[in-house]
Amino acid sequence: MEQYLVGVDAGGTNIRMGIVTPDGRIFKKTQYPMDMSRGSLAMMDELASRIQGVIQEGTPGVLSEIRIGIGVAGPIDMRRDVLVAPPNLPGLHEFRLREFFQEKFSLPIAIENDANAFTLGEGWKGAARGCRHYIGITLGTGVGGGIVVAGKILHGADGMGGEVGHMVLNPEGPLCGCGGRGCLEVYASGSGIRRMVLEAIKKGEGKETLKRNRGDLQKITSEEVFEAAQEGDETALNVFNEMGGYLGLGLVNLVNLFNPEKIVIGGKVSRAWDYFIRSATEVVHQRAMKGQRGKVEIVRAECGDDAGILGAAYAALKME
Ligand SMILES: [Zn+2]
């Protein structure tokens, strides 16, 4: 009987899924925008029926062994498989993920946090292939991450560990979505970059960036800051440089704490790699402990949008 894995990445603004073979090839890949306007429950119902559709079209049904892996924007209490106040899915606090999906599918189901799924995907088929100790960081609207120790993702007591985006770098820093202050996320995420540019403009800098945006400050996106950096805009370059400095501090903490072989950085903000990585690695070389920093490689993610699908499928493949 042939094995098929269904990898689902329900992390960001788009939900992606595909059938994945046990050796990591994806086929029947599909994606659709997450529509929260009809409510969270309708969104989950649609997700279940899309998964059903992919299974029907992509596998020979009863003639195959099918497992489903779902990466969800958490936090997830992994002991109960319940969402705990998820900032991106506000209506789904205490939503019983396993119960919901198990009712729809009588198949083995692995549930994982989306950033952990990204990390597992990069470890299976991407930039951290062959590593036993590595860390994944996604720089998107927020900052997510996963920590792999001795080949296993670190879940902590409840499954909510590995939140690298909420490492505190500056106790007096800007407020973070988690309720704390000065987390890595407020500096290294898309929204952090936007905030830093707006602050620079307030101080009278950023004339070029401002012009390009036809004067409407509130509409500046991190992508536009990236484009401005590509055109040599000084304010944009300074913001990425500063962002890299904070990211570097985060990396120092991770390097000292976990002594990883690799740290893999992905997510849409990582497109601006060339503009932040120099200041980030400088900080690592200056501040991380000598023994740990010598070996660690800080690398770009390789799987692109497929990392979450692959990692969710991998979690299903490896479930006991
Ligand atoms: Zn935070």
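The values are calculated or read from the model by the stated rules, or taken from the named source; none is laboratory data. Predicted model only: the values in this text are computed from it and were never measured. Please note: Cβ atoms are built from the backbone with ideal geometry, for glycine as well, and neighbour counts cover all protein chains shown.
Conditions first: (1) within 27 Å of Phe258 (Cβ to Cβ); (2) within 19 Å of the chain's Cα centre (by Cα). Leu89 passes all but one, so which condition is the exception?
With (1) within 27 Å of Phe258 (Cβ to Cβ); (2) within 19 Å of the chain's Cα centre (by Cα) applied to Leu89, the lone miss is (1).
What's the number of the condition Ala228 fails, among (1) within 14 Å of the ligand (Cβ to nearest atom); (2) farther than 24 Å from Asn88 by Cβ; (3) buried (at least 24 other Cβ atoms within 10 Å of the Cβ)?
Evaluating Ala228 over (1) within 14 Å of the ligand (Cβ to nearest atom); (2) farther than 24 Å from Asn88 by Cβ; (3) buried (at least 24 other Cβ atoms within 10 Å of the Cβ) leaves (1) as the failure.
Check off (1) closer than 22 Å to Arg16 by Cβ; (2) in a loop (DSSP other than H, G, I, E, B) for Pro260 and give me the number that stays unchecked.
Only one criterion in (1) closer than 22 Å to Arg16 by Cβ; (2) in a loop (DSSP other than H, G, I, E, B) is unmet by Pro260, namely (1).
For (1) touching a residue at least 60 places away in the same chain (Cβ under 8 Å); (2) assigned to a helix (DSSP H, G or I), each residue gets a yes or a no:
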residue	(1), (2)
Phe240	no, yes
Val269	yes, yes
Val283	no, yes
Lys295	no, no
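Quick one: in the stretch 60-79, of everything that is part of a loop (DSSP other than H, G, I, E, B) and buried (at least 20 other Cβ atoms within 10 Å of the Cβ), which residue is farthest from the chain's Cα centre (by Cα)? Reasoning before the result, please.
Step one: list which residues in the stretch 60-79 are part of a loop (DSSP other than H, G, I, E, B), which gives 60, 73-75, 78-79.
Now drop any that are not buried (at least 20 other Cβ atoms within 10 Å of the Cβ), which leaves 73-74, 78.
Working: Ala73: 9, Gly74: 11, Met78: 18 Å.
Checking each candidate, the answer is Met78.
Taking the criterion of being closer than 28 Å to Gln52 by Cβ, crowded, with 17+ Cβ neighbours inside 10 Å, within 16 Å of the ligand (Cβ to nearest atom) and at pLDDT 95 or above, would at least one residue in the stretch 149-160 satisfy it? So that I can check it myself, show each step before the final result.
From the stretch 149-160, those closer than 28 Å to Gln52 by Cβ are 153, 159; that's our starting set.
Subsequent filtering for residues that are crowded, with 17+ Cβ neighbours inside 10 Å retains 153, 159.
Filter again for within 16 Å of the ligand (Cβ to nearest atom), leaving none.
No, there is no match, as no residue in the stretch 149-160 is closer than 28 Å to Gln52 by Cβ, crowded, with 17+ Cβ neighbours inside 10 Å, within 16 Å of the ligand (Cβ to nearest atom) and at pLDDT 95 or above.
Can you tell me which of (1) under 18 Å from the mean Cα position of the chain (by Cα); (2) in contact (Cβ under 8 Å) with a residue 12 or more places away in the chain is the one Phe100 doesn't meet?
Among (1) under 18 Å from the mean Cα position of the chain (by Cα); (2) in contact (Cβ under 8 Å) with a residue 12 or more places away in the chain, Phe100 violates only (1).
Matching residues to (1) within 17 Å of Val239 (Cα to Cα); (2) within 11 Å of the ligand (Cβ to nearest atom):
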| position | (1), (2) |
| --- | --- |
| Glu172 | no, no |
| Cys176 | no, yes |
| Gly179 | no, yes |
| Leu184 | yes, yes |
| Ser189 | yes, yes |
| Gly192 | yes, yes |
| Met196 | yes, no |
| Glu205 | yes, no |
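Does Met43 count as in a helix (DSSP H, G or I) and either of a type in the set (A, V, I, L, M, F, W, C) or closer than 29 Å to Ala157 by Cβ (or both)?
Spelling it out, Met43 is indeed in a helix (DSSP H, G or I) and either of a type in the set (A, V, I, L, M, F, W, C) or closer than 29 Å to Ala157 by Cβ (or both).
Only one of Gln286, Gln292 is of a type in the set (S, T, N, Q), touching a helix residue (DSSP H, G or I) at 6+ places or on another chain (Cβ under 6 Å) and not assigned by TED's automatic domain parsing to the domain that holds Ala10. Can you tell me which? Steps first, answer last, please.
Working: Gln286 fails: touching a helix residue (DSSP H, G or I) at 6+ places or on another chain (Cβ under 6 Å).
After ruling out the rest, the residue left standing is Gln292.
I'd like to verify a number: residues in the stretch 1-36 that are of a type in the set (S, T, N, Q) and closer than 18 Å to Thr141 by Cβ, how many? Spell out the reasoning first.
Going through the stretch 1-36, the residues of a type in the set (S, T, N, Q) turn out to be 3, 13-14, 21, 30-31.
Then keep just the ones that are closer than 18 Å to Thr141 by Cβ; that gives 13-14, 31.
Looking only at that region, the number is 3.
Name, by its number, the condition in (1) surrounded by 15 or more Cβ atoms within 10 Å (Cβ to Cβ); (2) over 23 Å from Pro33 (Cβ atoms); (3) within 18 Å of the chain's Cα centre (by Cα) that does not hold for Val82.
Just one mismatch for Val82, condition (3).
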